[in-house]
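S.K.: Before I ask anything, let me first share the structure, which is written out below as structure tokens.
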Amino acid sequence: MTDIALLGFGTVGSGVAEVIDDRREYIKKRLGDEVRVKYILDLRDFPGSRYESRIVHDYGIILNDPDVRVVAEMMGGVHPAADFSRAALEAGKSVVTSNKAVVADCGAELLELARKRGVRYLFEASVGGGIPVVRPMTDDLAENEITKISGILNGTTNFILSKMESEGASFPDALAEAQRLGYAEADPTADVEGYDAARKILILAALAWGKLFPLEAVETLGIRSLTRADVEAAASEGYRVKLVATAEKLANGKIALSVSPRRVPSGTVLASTDGVFNAVRITGSVTGDVLFYGRGAGKLPTAGAVVSDIIDALERKSFAPPALFWGKGTASDVSSAGDLYLSVLD
Ligand code: NDP
Ligand code: HSE
């Protein structure tokens, strides 16, 4: 029996418990051992839930149990999630997470700590929800020099824009539905103002170029001031409006990072990406354009990505090629992306 612990039993955490139960036999066959969720840390008690007996409120119980091999963090926010992740790695436990705020803030430090302790720090679910993009970038596209990344990286705003466009829904109603469906952040400002997408493009840029830049390096504009007239004007000219994140390595070697509402030519995959779906286009020197498409948020797709990391962490207990480590991106590495508000995405 291999024991793991979950931190956070909300949308994603409860999905992870379900996926592990549903896929129990397959996971056992694949790893040669059963995986058991021994503890679930949350602030609440969940009376009546089938997982009630595993709920704990003291993180020390998890940290001090030598049988717990992997800690899956799905609490959200930077603190105490980052401190809990650091403590687990220090204790020799692998950590997997869906929490892009922690990865974008402390990913470089946590990857280095995992390497020192001979364990893993994995974050497939932190970008693109259920879309496999982190592992493909580290493994399958490794032979490429990446020149450009562009994509729709936030499910909530894409859902809102789609609802406003196709059903004439109001912004508050569409946001409320995204919250009800479990897509939005606890504070949806991060979605609406573009900071969630900015954190995700920072993670992809770090995977591409080995440097983790601060959030301020991304020129970030959200969808709050978009009007129906903007969307209709774009449609009349053959475009759809999408919140697009881009990262580009320029000819001078500098990196330009942006999140902005853009006009995307109708008929392209990005323009046809609707609702909670996300799409990411990665341009590599060898493969050319590669597209990743799927559900960018939601309970089970995101939980699936977390569980794939749990399996990976248990299969490859220490896997640390030097290219997986990130330096600190500084202002001198960054170039302005310019004013991209409602500009056409090529
Ligand atoms: P939820 O708010 O649904 O769940 C978080 C859970 O963690 C809640 O039950 C919360 O309790 C609990 N929690 C918060 N702080 C603590 C703490 N200090 N100690 C113990 N428990 C705590 O969030 P989600 O599941 O939606 O998201 C979790 C993470 O996954 C976030 O980082 C999010 O950005 C990321 N993510 C979410 C996706 C989605 O579709 N929802 C998709 C991809 C990533 P309480 O409710 O009482 O505060
Ligand atoms: N709030 C995020 C989104 C969750 O809507 O994309 C997935 O990271």
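S.K.: Within region 94-103, is even one residue within 21 Å of Ser14 (Cβ to Cβ) and surrounded by fewer than 16 Cβ atoms within 10 Å (Cβ to Cβ)?
M.R.: no
S.K.: Taking the condition surrounded by fewer than 24 Cβ atoms within 10 Å (Cβ to Cβ) and either of a type in the set (Val, Ile, Thr) or within 12 Å of ligand 1 (Cβ to nearest atom) (or both), does Ala91 pass?
M.R.: Judged against the criteria, Ala91 is not a match.
A quick yes/no check of all residues on (1) aliphatic (A, V, I, L, M); (2) open to solvent by 10 Å² or more (accessible area, probe 1.4 Å); (3) within 14 Å of ligand 1 (Cβ to nearest atom):
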| position | (1), (2), (3) |
| --- | --- |
| Arg180 | no, yes, yes |
| Ala198 | yes, no, yes |
| Gly238 | no, yes, no |
| Arg262 | no, yes, no |
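S.K.: Residue check, Ala82 against (1) part of a helix (DSSP H, G or I); (2) over 16 Å from the mean Cα position of the chain (by Cα); (3) within 13 Å of ligand 1 (Cβ to nearest atom); (4) surrounded by fewer than 22 Cβ atoms within 10 Å (Cβ to Cβ), all met but one. Which one?
M.R.: Of the numbered conditions (1) part of a helix (DSSP H, G or I); (2) over 16 Å from the mean Cα position of the chain (by Cα); (3) within 13 Å of ligand 1 (Cβ to nearest atom); (4) surrounded by fewer than 22 Cβ atoms within 10 Å (Cβ to Cβ), the odd one out for Ala82 is (2).
S.K.: Out of curiosity, is Glu177 assigned by TED's automatic domain parsing to the domain that holds Val244 and outside any helix (DSSP H, G or I)?
M.R.: For Glu177, the condition - assigned by TED's automatic domain parsing to the domain that holds Val244 and outside any helix (DSSP H, G or I) - is not met.
S.K.: Hey, can you tell me all the residues within region 128-174 that are within 17 Å of the chain's Cα centre (by Cα), surrounded by 20 or more Cβ atoms within 10 Å (Cβ to Cβ) and either part of a strand (DSSP E or B) or of a type in the set (S, T, N, Q) (or both)?
M.R.: Across region 128-174, the qualifying residues are Ile149, Ser150, Gly151, Ile152, Asn154, Thr156, Thr157, Asn158.
S.K.: Still on this structure: Say whether the condition of being in contact (Cβ under 8 Å) with a residue 60 or more places away in the chain, among the basic types (Lys, Arg), farther than 22 Å from Val35 by Cα and more than 16 Å from ligand 2 (Cβ to nearest atom) is met by at least one residue in region 113-124.
M.R.: yes
S.K.: How many residues does region 46-100 contain that are under 21 Å from Ala313 (Cα atoms) and within 16 Å of ligand 2 (Cβ to nearest atom)?
M.R.: 11
S.K.: Exactly one condition in (1) crowded, with 24+ Cβ neighbours inside 10 Å; (2) within 16 Å of ligand 2 (Cβ to nearest atom); (3) under 25 Å from Gly107 (Cα atoms) is not met by Ala205; state its number.
M.R.: For Ala205, the failing item is (2).
S.K.: Ok, one more. Could you tell me whether region 32-48 includes any residue that is touching a residue at least 12 places away in the same chain (Cβ under 8 Å), open to solvent by 50 Å² or more (accessible area, probe 1.4 Å) and closer than 30 Å to Leu204 by Cβ?
M.R.: no
S.K.: Report, by residue number, each residue of region 9-45 that is more than 21 Å from Pro80 (Cα to Cα) and part of a loop (DSSP other than H, G, I, E, B).
M.R.: Arg23, Gly32, Asp33, Glu34
S.K.: Across region 57-79, which residue is surrounded by the fewest Cβ atoms within 10 Å (Cβ to Cβ) among those that are assigned to a loop (DSSP other than H, G, I, E, B) and under 19 Å from the mean Cα position of the chain (by Cα)?
M.R.: The extreme case among them is His79.
The values are calculated or read from the model by the stated rules, or taken from the named source; none is laboratory data. Not measured: the values here are computed from a predicted model. Quick reminder, even Gly has a Cβ in these numbers, built from the backbone with ideal geometry, and neighbours come from all protein chains shown. Heads up: the accessible areas ignore ligands, DNA and RNA and are worked out on the full protein's heavy atoms, side chains in. Shrake-Rupley method; radii C 1.70, N 1.55, O 1.52, S 1.80 Å.
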